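Structure incoming, see below.
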Amino acid sequence: MVLSFYKYQGTGNDFIMVDNRNEKFLKQDTHLISFLCDRKFGIGADGLILLENHAEGDFKMAYFNSDGRESSMCGNGGRCIVAFAQRLGIIHDSAQFMAVDGMHKATVKDAIISLQMKDVHDIMNRQHAIFLDTGSPHHVQMVEKLDSFKVAKEGRKIRYGMYGETGSNINFVEQKDPMTFTVRTYERGVEDETLSCGTGVTAVAIAMHSSGKTKGDHVNIQTLGGPLQVKFKPKKGTYEDVYLIGPAKMVFEGKIEC
């Protein structure tokens with residue numbers, strides 16, 4: 001099989017994008033997906049995303065981690081698939097699409113994608129950390145000297161030690177000013193640190209507001225891959241109208257024999 005694909009990145013979180021409206025991609029083949037995501041033998045990516053038809057939305061997003069398994073919501077991937085759909089001519093400057101955690105809305109302006117995330121209701125305080133689900137599960141923990149922190153080592157220990165085989169994404173955070181935080185994330189499924197994690201950035205922004213570290217309704221987040229912004233409306237312990245905002249860019253397109 002010769003597969004046509006596009007490569008996209010959102011603040012360094014990179015994805016293989018495949019137009020699967022003809023439903024020919026073998027998405028149950030975990031070995032195929034992990035091969036395509038392999039950075040030495042395949043194309044190389046943090047994950048693979050299929051754009052598919054959907055009866056009620058503009059399209060459907062199916063997201064797979066680099067280990068080949070279908071996974072929970074990916075915020076940066078969601079922004080990238082909106083840019084991809086625009087390139088394919090499916091949408092113009094707005095979109096409504098189905099993902100694993102439900103319907104999402106998004107707008108596009110000058111290559112900046114504003115993606116509506118799910119409302120967040122349950123925020124759990126744990127020892128030295130906060131746990132919440134923003135489409136994917138996230139552990140948020142503040143640390144000092146984040147630049148030199150051993151994210152992969154410590155993230156792996158918490159991911160398996162505290163959350164077991166199912167796991168959680170692990171975010172380490174350092175505050176820069178009242179509205180700005182730096183974040184480094186260990187992602188389950190990738191099983192390593194990534195340059196950025198959209199649902200993780202969203203989780204950090206909400207966790208920092210919930211814990212009183214910031215007072216505003218928008219938060220600036222600096223990742224290794226670049227800056228993102230999260231906006232939300234806090235309402236009686238829940239967070240509504242949550243938006244993840246930042247760039248999404250095509251890197252290249254190609255074909256691969258697999």
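Kindly indicate whether any position in region 195-206 is in a loop (DSSP other than H, G, I, E, B) and over 15 Å from the mean Cα position of the chain (by Cα).
Within region 195-206, not a single residue is in a loop (DSSP other than H, G, I, E, B) and over 15 Å from the mean Cα position of the chain (by Cα).
Let me ask something else. Hey, which of the strands (runs of 3 or more DSSP E) in region 68-181, taking only ones fully inside, have at least 1 residues that are polar (S, T, N, Q) and touching a strand residue (DSSP E or B) at 6+ places or on another chain (Cβ under 7 Å)?
The strands (runs of 3 or more DSSP E) meeting that bar are 94-99, 102-109, 112-116, 137-142, 169-177.
Out of 93, 38, 46, I need the residue that is within 26 Å of residue 185 (Cα to Cα) and either surrounded by fewer than 17 Cβ atoms within 10 Å (Cβ to Cβ) or assigned by TED's automatic domain parsing to the domain that holds residue 198 (or both). Which one?
Matching residue, one of 93, 38, 46: 38.
When you look at residue 117, is it closer than 16 Å to residue 211 by Cβ and either in the same structural domain as residue 60 (by TED's automatic domain parsing) or at pLDDT 95 or above (or both), yes or no?
no
Among 216, 237, 200, which is the only one that is within 20 Å of residue 131 (Cβ to Cβ), modelled with pLDDT under 95 and of a type outside the set (Asp, Glu)?
Being within 20 Å of residue 131 (Cβ to Cβ), modelled with pLDDT under 95 and of a type outside the set (Asp, Glu) holds for just one of 216, 237, 200, which is 237.
If you don't mind, there's one more thing I want to ask. Quick check on this structure: which one of 254, 246 is among the small types (Gly, Ala, Ser) and within 30 Å of residue 1 (Cα to Cα)?
254
Considering each of 161, 225, 189, 216 in turn, give the residue that is at positive phi and either outside the structural domain of residue 48 (by TED's automatic domain parsing) or touching a Ser or Thr at 6+ places or on another chain (Cβ under 6 Å) (or both).
After applying the criteria, what remains is 189.
Could you please give the count of residues in region 36-59 that are touching a Phe, Trp or Tyr at 6+ places or on another chain (Cβ under 8 Å) and small (Gly, Ala, Ser)?
Number satisfying all stated conditions: 4.
Restricting to region 172-220, name every residue that is acidic (Asp, Glu) and either surrounded by fewer than 16 Cβ atoms within 10 Å (Cβ to Cβ) or closer than 22 Å to residue 124 by Cα (or both).
Of everything in region 172-220, those that are acidic (Asp, Glu) and either surrounded by fewer than 16 Cβ atoms within 10 Å (Cβ to Cβ) or closer than 22 Å to residue 124 by Cα (or both) turn out to be 174, 177, 187, 192, 217.
The values are calculated or read from the model by the stated rules, or taken from the named source; none is laboratory data. Keep in mind it's a predicted model, so treat the numbers as computed, not measured. Note: ideal-geometry Cβ built from the backbone for every residue, glycine included; neighbour counts use all protein chains shown.
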